[in-house]
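No lab work stands behind these numbers, since they all come straight from the coordinates. Small disclaimer: the values here were computed from a predicted structure and weren't measured. All Cβ positions, glycine included, derive from the backbone under ideal geometry; neighbour counts span all protein chains shown.
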Amino acid sequence: MADTTTGRRERKKALTRQALADAALRLFTERGFDDVGVREVAEAADVSLSTLFKHFPSKEALVFDLDTDIESALLAAVRDRAPGQSVLHALRDHLVRTRTAVRTDDPMFVLVESTPALSDYARRMWSRHEKALAATLADATGLSPDAPAVTGLARFAMEAPSIARASDDPARTMHELFALLENGWATTPLAGTP
């Protein structure tokens, strides 16, 4: 009986969280992030302000409701990679699957890019993910968490999607970026150019 109650409670929390995120995105894209208050978001989702803050610690967090899931999936890509698959290829494949599909005309992307508070929040979020990824890479490789190879790969993995999204073929560009990292500059056509 307790499992049924716990399951129902968790489903209800998830539905409330989703209703808040949906209401926030709708209101923010319609009127602008700065012109909507958290009380309006709570009212649109038919919950109290205290319930909103139980689910989201800040107004900015309403936009990034999948933050924890994104980080968990990123870390799992390294931890749960296929036997024999390198950390580098596991990261590349995960980022191609999850980060190159983000379209620059997506309302969420436009909202974040056009709102300084959200852009700053996104940078801080990616920085947290980078630190968590570095720790996971250290565990996976046996290197120190502050080893340049670990911190460099974590930084590269967090920055590569923005470079890839700016290209005509983000997936191909992501593969090219990771090939450059794997094989080095000497293998590129420009290596011999003075």
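Details
- In Å, descending, principal axis extents of the Cα set of region 1-86: 51, 40, 18
- For the chain, the 222 nm mean residue ellipticity estimated from helices alone, with every DSSP H stretch of n ≥ 4 adding -39500 (n - 2.57) and the total spread over all residues, rounds to -23000 deg cm²/dmol.
- Scoring 150-161, 104-115, 132-143, 27-38 by mean Cβ neighbours within 10 Å over their residues and listing the highest first yields 150-161, 132-143, 27-38, 104-115.
- Formal net charge of residues neighbouring S119 (Cβ-Cβ distance under 12 Å; K, R +1; D, E -1): -1
- Spacing of the two label points (7 Å from each Cα toward its C-beta) at R123 and A147, in nm: 3.0
- Rg over Rh for region 79-140 works out to 1.07, both radii taken from alpha-carbon positions and Rh defined as the Kirkwood radius.
- Lysine pairs within the chain, Cα separation less than 22 Å, 8 or more sequence positions apart or different chains: 4
- Scanning the chain for long hydrophobic helices, with DSSP H runs required to stretch 20 angstrom or more by C-alpha along their axis and to average at least 1.0 on the Kyte-Doolittle scale, returns nothing.
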